[in-house]
Each structure stands twice: as C-alpha cells, then as structure tokens.
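Laboratory data are not the source of any read-out in this text; all were calculated from the coordinates shown. In this text, all values refer to a predicted model and were calculated from it rather than measured experimentally. Backbone-built Cβ (ideal geometry, glycine too); neighbour counts: all protein chains shown.
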Amino acid sequence: MPADYTGFLLQNIPYGESGRIVKVYTQEDGVQSFFLRASKKGKSNKSVLQPLAKLELIISSRKNGNLPVVRELFNAKPYRTIYFDMIKSCQTMFLAELFLQSLKEEVADENLFGLLEGFTTYLDCQPSHADFHLLVMVKLLKALGVAPSRPTNTPQFFNILEGEFQGFDNNSEYLLGLEETAAFYKLLGIDFDGLANCKFGNTLRRSVFARLIDYYKLHLHGQIKLVSHEVLETVLKD
C-alpha cells in the first residue's frame with residue numbers, strides 16, 4: 001500500500017500510557033502532527049523514531065482528538081552512520097530542533113524538503129565535519145528567505161540585526177567581528193562539497209554558532225528557543 005505521507009521526523013514525544021505524538025516535515029503538506037499507538041505486536045518504534053529519520057506513514061481513517069492516527073510506519077531511508085557517530089548524531093539532534101522551531105507552515109515546500117533530503121544524505125555518506133551544522137543553518141536561512149545577499153567583494157563587517165554586510169564599524173552590539181564576518185561570508189558562498197576547505201577553529205566555530213542562533217532569533221521573530229546546541233558545543237569542544 002502506498003504511503004500517505006513521506007517526511008522527516010522533527011519531534012517525538014510520549015503521550016498517555018502507550019502513545020506518542022510525532023511531528024514530521026512532510027513532502028505532501030509541510031509540518032504535520034500524528035498520533036502513534038504502541039505496536040500491538042509488542043514491537044517498539046523507538047529505533048525508527050530518531051531525529052530526522054525519513055519516514056513513510058500510512059494513516060488510519062480514525063483520529064485521536066484532532067490528530068490523524070498512524071496505522072503503519074516505515075523507515076524510508078535507513079542511515080548507515082548518523083546515529084553511530086557522536087558528532088553526526090548531535091548535529092542531527094540540533095538540526096531537528098532548529099527545523100522544528102523554524103518551520104511552521106502546513107503546506108508543501110519542495111525547496112525545504114529537498115534541503116532535508118540533501119543534507120541528511122550527505123551527512124550519512126561523508127565523514128563527520130565539525131562545521132557541517134553551520135552550513136545547514138545558512139542554507140535554511142536561504143530557504144526561508146531571510147538570508148542576506150552575498151556581496152561580490154569580501155566585506156569587513158556584518159550586522160545581524162539589519163541583515164546586511166557593511167564596510168565600517170559603528171560599535172553596534174549586533175556587529176560581527178572581522179573573523180566572524182569572513183566565516184559567515186564563506187558559508188554563504190559554498191555548498192556541501194566545499195566543506196572540505198572550510199575548517200574553523202573551535203573558538204571561531206562557537207562564536208559563529210552563537211551569532212547564527214542570534215540571527216535566527218532576530219529574524220524569525222523570537223520563535224527560536226534552542227536547547228540542544230549546548231550538547232553539540234560540548235561534543236565539538238572535546
């Protein structure tokens with residue numbers, strides 16, 4: 001039987017004694033929530049319900065409250081490395097949280113779905129890279145239409161409040177330093193294959209990471225309240 005929905009798992013929370021509510025970014029209808037009952041055969045779905053797992057869902061005609069009920073659930077793209085590599089798994093956990101808080105529309109968006117498809121495939125197939133999540137953050141900003149334009153010449157400073165590069169220092173608290181601006185400028189101009197030539201030191205990576213989170217908070221109207229970035233920073237520091 002063909003699946004009703006194909007999508008990437010953004011959130012998985014317990015509900016009641018044996019149920020779960022899963023939030024999935026679907027190819028068909030954007031962000032959707034579903035009710036998932038425990039398997040009658042005693043089999044657990046926990047191995048499938050990992051951050052950003054690609055799922056296929058067959059929906060029952062019944063509902064639990066306002067939520068569609070999942071009748072059958074399949075892993076559409078089993079990952080070979082993501083959940084067995086500490087850096088990759090923490091990056092995936094963070095990115096699932098970022099996408100959960102950034103994506104609200106219940107409509108299909110092939111660009112956003114393609115971004116999820118593309119970066120999970122790349123992450124699973126390539127060696128882990130400490131700056132990978134930074135590039136995905138920039139690509140998501142582009143997909144959401146809130147990324148700055150990249151000037152032809154390398155600028156000196158970037159203002160995260162105005163979302164603009166500038167050639168002067170006006171002592172604003174929203175101004176990135178020279179190294180941070182250069183790193184952000186580089187991230188705006190590369191694809192995943194360019195990561196091989198993108199290796200920031202730990203101090204610069206942490207700084208760019210923090211400022212990118214600030215940029216999300218400023219330009220997505222305060223809806224970003226992240227937690228998992230602290231775990232990722234700890235793993236990357238070791």
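For the range 119-124, backbone phi angles converted through the Karplus equation (6.51, -1.76, 1.60; θ = phi - 60°) give residue-by-residue couplings of 6, 5, 5, 4, 4, 6 Hz, Gly and Pro being listed as x. The alpha-carbon atoms of the range 5-75 define a convex hull whose volume equals 83 cubic angstrom per residue. Note on ALA210 and ASP191: their simple-model spin labels are 3.4 nm apart, each label 7 Å out from Cα toward Cβ. Sequentially through the range 9-16, phi angles give Karplus couplings (6.51, -1.76, 1.60; θ = phi - 60°) of 6, 9, 8, 9, 10, x, 9, x Hz, Gly and Pro residues having no value and appearing as x.
Note on LYS225: aspartates and glutamates with a C-alpha under 13 Å away, same-chain residues under 8 apart excluded, are GLU97, ASP214. If you look at the Cα atoms of the range 34-149, you get an Rg and a Dmax of 15.9, 53 Å.
The trypsin sites (Lys or Arg not before Pro) of the range 37-127 that DSSP puts in a loop, and whose beta carbon has at most 11 other beta carbons within 10 Å, are LYS40, LYS41, LYS43, LYS46, ARG80, LYS104. Legend: distances between Cα atoms for LYS199/LYS237; LYS88/LYS199; LYS104/LYS237; LYS54/LYS88; LYS104/LYS186; pairs beyond 22 Å are LYS104/LYS237; LYS104/LYS186.
Nearest 10 degrees is fine. How inclined is helix 86-102 to the longest principal axis of the chain, computing both from alpha carbons? Here the helix axis deviates by roughly 90 degrees. In the chain, Cα pairs under 8 Å separated by at least six residues give a relative contact order of 17 percent.
Scaled against the 2.2 N^0.38 Å expected of a compact globular protein of N residues, the Cα radius of gyration of the chain reads 1.09. Each label was represented as a point 7 Å from its Cα along the Cα-to-Cβ direction; for ARG80 and ASN159 these points are 4.8 nm apart.
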